[in-house]
Amino acid sequence: MYVPCVVESVRVHVLTGQHVVLLQARDAERLLPIWIGADQAFSIACTVAGKPPERPLTHDLVIEMLKRLGAEITRVVVKDLVEDGSGSGVFHGSVFLQVGDRELEIDSRASDAVALAVRVDARILVAREVFERSSIAAEGQDEDDHELSVFREFINSLPNEPGSRLGDDPPPPKRSA
């Protein structure tokens, strides 16, 4: 069983530089925070904000290659959260491709799967067990678990504007004489 989600926002913590994508369930006021790398955060934020980069990013290149090969991304799935031994975990994902009459499942980092999905408007699904175990109440919702409320406060302290840190254009390259 899966929970259909949309990208609520991409945020960055100003002091630590950590990036998070927040997935929101379509039928519930809960958020699934997934900590991601800066490259994936930039890629997702640019697409969600409708501000394409000057040159194609890796996810854009993958989409173009799939199109030219006649493959279509039908959905992505955040399928598991695997503990890493340090008290945190790593989200695992899959990208589902339709190639003719065949469907292929490709193992992926959850962040890359989401970055691909937002580019082609593919469904983003989260395994119900993962969502129930790792989601937090959206702002304004009651939360019984103190640890999650502390985490929610941290998430709410992150800037809500992806362009404030992630979407800024890099400085122009310096030209050598």
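Every read-out reported here was derived from the displayed coordinates using simple, explicitly stated rules and does not represent laboratory data. Remember, predicted model here, so these are calculated numbers, not experimental data. In this analysis, Cβ positions are derived from the backbone assuming ideal geometry, glycine residues included, and neighbour counts consider all displayed protein chains.
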Considering only the other residues whose Cβ falls under 13 Å of the Cβ of LEU57, what net charge follows from Lys and Arg at +1 and Asp and Glu at -1?
-2
Can you compute the modelled spin-label distance between VAL99 and ARG55, with each label point 7 Å from Cα toward Cβ, in nm?
2.8
Given points 7 Å out from each Cα along the Cα-Cβ axis, report the MET65 to THR16 separation in nanometres with one decimal.
3.3
For the residue pair ASP84 and ILE106, what label-to-label distance in nm results when each label sits 7 Å from Cα along the Cα-to-beta-carbon direction?
2.3
